[in-house]
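Reviewing the structure listed below.
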Amino acid sequence: MRTVGVVAILAVAIALSISMLIARDAVTNKINTVRASTGNTITVSPKGFFGFSGGGTPLKESVVTGLLSIPHVTAVQESLNEELTSTKTSLKSPTPAGFLGGQFGFGSSSGAGSSSGFGGSSSSTTFSIPVRVIGTNSPGNAVVGGANGGGSEKLTSGAAYSPTSTADVAIVGSTLASTNKLKVGSTFTAWSAKITVMGIFNAGSTFTDSNVLMPLSTVQKLANASGDVTSATVTVNSLNNVASADKAIVKRLGSAADVTSTQATTEASLAPLNSVKTISTYTLIGSVIGAAIILLLSMLMIVRERRREVGVLKALGAPNRSIISQFIAESVTFTILGAIVGFVVGILISSPITSALVSASGGSSSSSGFVRRAGGAGFGAGGSGFTPPTGGFSNRGTGTFHFGGFSNTITQIHTSAGWSTLVFALLAAIVIAALGSTVAAATIVRIRPAEVLRSE
Amino acid sequence: MLKVENLDKTFHTGAGDVHAVQNVSFEAKGGELVAILGASGSGKSTLLSLLGLLDAPDRGSIDIDGTQLANLDSAGRTQYRSRQVGFVFQQFNLIPNLNARENIKLALEFAHWPKADRNRRANELLEIVGLDESKAERRPAKLSGGEQQRVAIARAFAAQPQLILADEPTGSLDKATGQKIVELLREVATTQKATVLVVTHDEKIAKKADRRFEIEDGVLKEIR
């Protein structure tokens, strides 16, 4: 009965230890996965500017290009976001204003820094959504997906313009092309200039596919925004250097810009998981120490109860090592029995315990701030790189963390017990059992047999 | 041949010094059954502990077949207990989770007998002490007191020691069984050519011995 009790207590301690070990491994793996998926880019935008919305003063291209002189910065991609109202272009927006457009009064924007967008005018029945233009020297998937919060756009026809192009050319989204019956070689007017369509892209999003990409200098010239940029993506040579580069950029640009890095945002969002990792580590240590103390006290109790047996064994000529070995064998047997039960229970409870720890640490609530940074200063809505600051608007479910463009949910943690974890845990338990029983047996083998046998 | 000279043992207690064994000297030959009579607290069990190296004397020497026990180190004392001396206790002191045969084999294991010979030797001893196969497989709790003491005697003789120390071997048995146990001790002492020292306070048991000693306040005297 006593043996069953000792094994049961050990099983509980081992179950707790193994569940914490599994939880810790799962959280660590998640953290590592998230960190590995974090880009080494930093997004720079005018203070208060967000996508095509907000205020602020455009940044100067020369200043942004100067960021290349900051250590570890390998590339800077600038863009200028503009809106073409119906008076400035022959293009017809493919997006109907609808209730939301009418409510927000889109349509009176006249360019970066001077938008009177949200709530700037009363609702109008003649209102129409403007066509959005991105001036960039890096047309293609990287620019659209990276700097502007888009998804994985692909050219479906034609070709991209040269990065050094200053021509009046554009690649247009497939939805916009369809609405305006544009093909490669077609032309449209923007700011009174004749623009030739070089290519058509598709991103799988109506919002993104309603946009126009043009050479940066062309947009600057036509929009009368010479030298202006509204967004820049700074690439750093290594994830390890993102923090220092971020700091240097903030110092360089001061209060003129919002500087956001995916890494900083990721670390902030990983804080709950780090808390879980810390909790599980301390609980693991505590349960291991607890198991060791239980084992030591149990073995002390057992060897004290068997003093007479030890005395008899010594009288029969048993060497001390033989007596200690016997007690080690017994405690290792207890531990293995406890481990078998504890492993099964621990594996079964590890998943709910991990979920409970993550929930308790606040991992499912505070997503504010993270999303904006991860998505970058992009289009402002709809692209796959954007999730609204509050979970209620997310089209990928509420109450969970999302990584813009990474398709990664922080709280979706998969727990699994690998053989290496179980073998490590079993070996650790056996070593602790052996040490505990050695200490306990060593206290008893020093007795002189005559003392024990005399007092019987 | 056991030769004891000037053996002294004093216990220092809170109530003062207790001279448990005082200047004890005697000799005993192999195959001899020696009885030591004494009242409770007279020092007879202490004398056995000293002879079995379960305790260390303050003074004096013990010699078995030319080996001075005082010169033995820790490993030597352990080896002496496993090979040259056997104990029979009043409370039997068998290992409870081993059966009768395993208890005997345990003594052989400590004496480093070859593994292949242990079973044969254990069966031989079980036959000598009159326990059949069905009893050999039983744990101590399933044996009577007399049967347990027979197992204890078999265990004591297992490694063919020169000296058997029996401390009140009949103390927990009825008279008839006690008589049989003493006869068994005498028989085995003769066949195994071992010196058997039996500590008892029973005159009838003592009368079956070849020689008798009386111990009182630690002082040993032979009864002629």
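The values are calculated or read from the model by the stated rules, or taken from the named source; none is laboratory data. Just so you know, these numbers come straight off a predicted model, no measurement behind them. Neighbour counts are summed over all protein chains in view; Cβ atoms, including those assigned to glycine, are modelled from backbone coordinates with ideal geometry. Each accessible area value is taken on the protein alone, full model and side chains, heavy atoms only, with ligands, DNA and RNA left out. Shrake-Rupley method; radii C 1.70, N 1.55, O 1.52, S 1.80 Å.
Things worth noting here:
- Top of B:Thr13, B:Thr191, B:Thr67 by mean-square fluctuation, Gaussian network on chain B, Cα under 10 Å: B:Thr13
- Compared with its chain on its own, segment B:74-117 contains the following residues whose accessible area drops by 40 Å² or more in the full protein assembly (probe 1.4 Å; ligands, DNA and RNA excluded): B:Thr78, B:Arg81, B:Phe89, B:Asn93, B:Ile95, B:Phe110.
- Drop in accessible area of at least 20 Å² in the complex versus isolated chain, residues of segment B:48-62, 1.4 Å probe: B:Leu54, B:Asp55
- Rounded to two decimals, the Cα radius of gyration of segment B:161-224 over 2.2 N^0.38 Å is 1.11.
- Only lysines eight or more places from B:Lys204 in sequence, or on another chain, were considered; those with a Cα closer than 21 Å are B:Lys44, B:Lys175, B:Lys180, B:Lys221.
- Counting only lysines at least 8 places from A:Lys181 when in the same chain, those with an alpha carbon closer than 29 Å to its own are A:Lys88, A:Lys92, A:Lys154, A:Lys194, A:Lys221.
- With all protein chains in place and ligands, DNA and RNA left out, the 1.4 Å accessible area ranks A:Met301, A:Met198 as A:Met301, A:Met198, largest first.
- Residue among B:Ala141, B:Ala20, B:Ala100 with the largest mean-square fluctuation in a Gaussian network model of chain B, springs linking Cα atoms under 10 Å: B:Ala141
- Per residue, segment B:100-168 exposes 42 Å² of solvent-accessible protein surface, assessed with a 1.4 angstrom probe and all protein chains in place.
- Per principal axis, descending, Cα span of segment B:74-122 in whole Å: 31, 29, 15
- Amide H contacts of A:Thr74: A:Thr235, A:Val236, A:Asn237, each under 5 Å away and 5 or more positions distant or on a separate chain (H built 1.01 Å from N in the peptide plane; Pro and chain starts excluded).
- For segment B:28-85, the solvent-accessible area of protein heavy atoms averages 39 Å² per residue (probe radius 1.4 Å; ligands and nucleic acids excluded).
- Solvent-accessible area lost in complex, 10 Å² minimum, residues of segment A:413-455 relative to chain alone, 1.4 Å: A:Arg448, A:Pro449, A:Ala450, A:Leu453, A:Arg454
- Annotation: per residue accessible area for segment A:207-366 equals 41 Å², rounded to a whole number [probe 1.4 Å, protein chains only].
- Portion, in percent, of the accessible area of segment A:152-228 that falls on carbon or sulfur, probe 1.4 Å: 52
- Simple point charges give the picture: +1 on the Cβ of Lys and Arg, -1 on the Cβ of Asp and Glu, and for segment A:304-346 a dipole about the Cα centre of about 240 debye.
- Portion, in percent, of the accessible area of segment B:130-224 that falls on carbon or sulfur, probe 1.4 Å: 44
- Each chain gives up part of its surface: B and A jointly bury about 1600 Å² of accessible area, both sides summed, for a 1.4 Å probe.
- Of the Cα atoms belonging to segment B:1-156, the radius of gyration and Dmax stand at 17.5, 53 Å.
- Averaged over the residues of peptide B:155-162, the number of Cβ atoms from other protein chains lying within 10 Å of each residue's Cβ is 1.
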